[in-house]
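Below: one structure, written as structure tokens.
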Amino acid sequence: MTQSLPISVPLNAGGGLAAYIQAVNAQPVLSAEEERGLAVRFRSKGDLEAARQLVLSQLRYVVRVARGFTGYGLPQADLIQEGNIGLMKAVKHFDPKRGVRLVSFAVHWIRAQIYDYILRNWRMVKVATTKAQRKLFFNLRKSRVRLEWMKQKEVESLAKNLDVSPEVVQEMESRLSGTDVPFDADGDGDDDDHRPAPAGYLHDMRYNPEVLATRADDDATRSDSLDQALTALDERSREIIRRRWLDENKPTLHDLAKEYGVSAERIRQIEKKALGAMKNTLAA
């Protein structure tokens, strides 16, 4: 359900993030009775339209939760998208018989999904391997008393409380103070703060003579290797492989079985054995 649920308000709408937030805030707020009725329809009958209405009614809360994670240098749109996935998972597991509102149940799924996204994508977490270091990652901003850099005394105090070295705190603070730069350009570049993305500094190597020559040589080598592997097969196996894998109009196993006067299973066995022999030849 989390992958196929039809959501009519896409995150990458033409108006951008602001238009998306405006659209989700315009979605109707369900009463407790309406919410329960939709949840019962989805849970008992698998009604995807009911699930869609439940998700749409809660998208505004995903935006609010995602705003609490803006200090990690990750795109706000990505955080919201991950939160939406968490929301859909929550709708799938929501039981209206428990007597709680969906938002109270869903907020834990939304936060968990965003936390998981941050842990998978934020650069500092990838080197924070201990439990204490990860705790530092998620608590450093709340532990700082000012917006500027922490004093040495504050660094040492925080390091002691979280059982890490002062150097780890300083490194984490340095990384939290910066943001990741997207590899590809984002936006139309009309704003004053627009800076070229790293991809803009790289040369287009697709038509470099060396690249073209290397690619042609690789193609020729692969073609020769394939010819050798086919030549090593017996005539019937070679013909089956050629027609099943190389011809434009590929016959089915049943078509070849009728032509050769054997079962489709026998054709499948011949094909499998021939592919294995070719693999061994190409690996040699």
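The values are calculated or read from the model by the stated rules, or taken from the named source; none is laboratory data. Just so it is clear, the structure is predicted and the values come from calculations on it, not from any experiment. Heads up, the Cβs are rebuilt from the backbone with ideal geometry, glycines too, and the neighbour counts pull from every protein chain shown.
Residue by residue, here is whether (1) among the acidic types (D, E); (2) without any contact (Cβ under 8 Å) to a residue 24 or more places away in the chain; (3) in contact with a helix residue (DSSP H, G or I) (Cβ under 6 Å, 6 or more places away or on another chain) holds:
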position: T231; (1), (2), (3): no, yes, no
position: E235; (1), (2), (3): yes, yes, no
position: E239; (1), (2), (3): yes, yes, no
position: A264; (1), (2), (3): no, yes, yes
position: Q269; (1), (2), (3): no, yes, no
position: A274; (1), (2), (3): no, no, yes
position: T281; (1), (2), (3): no, no, yes
message = Where the second residue is assigned to a helix (DSSP H, G or I) and the first is of a type in the set (D, E) and lies in region 88-110, which pairs have Cβ atoms under 9 Å and are six or more apart or on separate chains?
response = D95/A39; D95/R43; D95/F105
message = For region 78-92, give me each residue that is over 13 Å from the mean Cα position of the chain (by Cα) and surrounded by fewer than 18 Cβ atoms within 10 Å (Cβ to Cβ).
response = K89, K92
query = What number goes with the only condition from (1) closer than 30 Å to L119 by Cα; (2) outside any loop (DSSP other than H, G, I, E, B); (3) at pLDDT 85 or above that G37 does not pass?
reply = (1)
